[in-house]
Amino acid sequence: MNLKYPLATFAGIMTWALVFAITLHIMQLLTPPQPWLLVSALFMLYGIAFIVLTLEVEPAALHNRAGKLLLLLQLLSAFALLLLLPSKYFDYLAILTIIWVSLLPSIMSNRSAVLVAIAVVAVWFSLIAELEQRPMWISALLYGCFHLFAVMVQSATQAEQKAKEALANKHQQLLATQQLLQAASRQGERTRIARNLHDLVGHHLTALTIQLQVAGHLTDGEAKVQVDKCHQLAKLLLADVREAVSTMRQYADVSLFDAISSLTRLLPEQLEVKLQIPADIMLNDLQQAQHLLCIVQEAISNSLKHSGATELSINASVKQGQLQLHINDNGKLAANWQPGNGIKGMQERLAECGGSLQLDKAQQAMQLMLTLPYMESDNA
């Protein structure tokens, strides 16, 4: 299982553990005895909630309803500790809300996260001021700045992560396009050579075969035997040229398996892609191949960004002259998920190829069925 933000998660856990240990130590020095069992339970609840949320464990991931409830429970446990312990000895407990606000950029915009952080700080120190009957505005300002700093740092971390993912996606598209361009160049050269062999050498050999056949009828004796041998050799050579032309045309196309494999080489380790694509399925039209690769790339990106999937399957088959591509993952979409620009772009690309896109939802996971005309290779 991979951490979403390893360094930030580790720092948060270490800070929580340090605050927990210091609190237990101070509680032992106070009289009367403090409710250490209840305090320990609240700290453990806070820590477990933080770990679960940062690990993005389904179904308690931050973007899910259960995750948001767990986030609220984490905040309530911090406020419960504030009300349970004498604030004059435990004024550092505001560190717990600093850790908490660092999770907000994952589920809301920066502006909303900042407003929520300000509200939490205001309520927290208003409670302390009410309990101790003294002004807390200086501490509120100081801790408020720490809260805002935590929000902005985590927001910058997420922005950097998204930029890296976008760059990786572009790099994959570049590799796939480069492969298509190389295939196009090879295809063009092979087609040119095959055409020349067929049109020039093939036609001349055909004429030579006919002339030798005529010569065989006009001669007799030893000369006829030699002419017939030459005729058989010419026919054999013509057959070899035709076979060579067919072979060159046959292997001038792009393998669907190779094209899609180039898109999956640099994917994050969190997503495993399983390909079930017969090796004999070729992309005989380069424009169609480009559209198909862009569609597959968009499907992979959707699995990474929206479903939280760890496994993606791509199955291909050819039935009744139609190429069918079935893409599904083991992720879960949000309950209010609606098709966006990515799905619309897939439909537009398939429409240009004379194909169609069918969307299905199985166990809250998106399944895509792509159907488009399969162009047979011209081996003539």
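The values are calculated or read from the model by the stated rules, or taken from the named source; none is laboratory data. The model shown is predicted, which means the values in this text are computed figures rather than measured ones. Note that we place each Cβ from the backbone using ideal geometry, even for glycine, and neighbour counts take in every protein chain shown. To get the accessible areas, we keep the full protein, side chains included, count just its heavy atoms, and leave off ligands, DNA and RNA. Shrake-Rupley method; radii C 1.70, N 1.55, O 1.52, S 1.80 Å.
Below, the figures for the structure above:
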item: Only one of ALA94, ALA78 that is under 27 Å from TRP137 (Cα atoms), buried (at least 18 other Cβ atoms within 10 Å of the Cβ), at pLDDT 90 or above and in contact with a Ser or Thr (Cβ under 7 Å, 6 or more places away or on another chain); result: ALA78
item: Filter result for ALA119 (farther than 13 Å from TYR46 by Cα, free of Cβ contacts under 8 Å to residues at least 24 places away in the same chain, of a type outside the set (S, T, N, Q) and out of contact with any helix residue (DSSP H, G or I) (no Cβ under 8 Å at 6 or more places or on another chain)); result: yes
item: Residue check, SER303 under 18 Å from SER262 (Cα atoms), open to solvent by less than 20 Å² (accessible area, probe 1.4 Å) and at pLDDT below 80; result: yes
item: Residue list for region 137-160, filter: open to solvent by 20 Å² or more (accessible area, probe 1.4 Å) and either modelled with pLDDT under 85 or part of a loop (DSSP other than H, G, I, E, B) (or both); result: THR157, ALA159, GLU160
item: Pairs where the first residue, in region 43-55, is over 12 Å from GLY12 (Cα atoms) and the second is open to solvent by 10 Å² or more (accessible area, probe 1.4 Å) and basic (Lys, Arg), C-beta under 9 Å, 6+ apart; result: LEU55/LYS4
item: Residue that is nearest to the chain's Cα centre (by Cα) [pool: residues in region 270-318 that are of a type in the set (A, V, I, L, M) and part of a loop (DSSP other than H, G, I, E, B)]; result: LEU271
item: Residue match in region 335-348 (condition: open to solvent by less than 40 Å² (accessible area, probe 1.4 Å), touching a residue at least 24 places away in the same chain (Cβ under 8 Å), within 19 Å of ALA259 (Cα to Cα) and in contact with a strand residue (DSSP E or B) (Cβ under 7 Å, 6 or more places away or on another chain)); result: yes
item: Complete set of residues in region 87-125 that are part of a loop (DSSP other than H, G, I, E, B) and among the aromatic types (Phe, Trp, Tyr); result: TYR89, PHE90
item: Residues of region 127-136 satisfying the condition of being open to solvent by less than 70 Å² (accessible area, probe 1.4 Å), in a helix (DSSP H, G or I) and free of Cβ contacts under 8 Å to residues at least 40 places away in the same chain; result: ALA129
item: Hey, GLN276 among the polar types (S, T, N, Q) and modelled with pLDDT under 85 or not; result: no
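Each row is one residue, and each column tells you yes or no for (1) at pLDDT 70 or above; (2) open to solvent by 50 Å² or more (accessible area, probe 1.4 Å).
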position	(1), (2)
GLY202	no, no
HIS217	yes, yes
ALA234	yes, no
LEU237	yes, yes
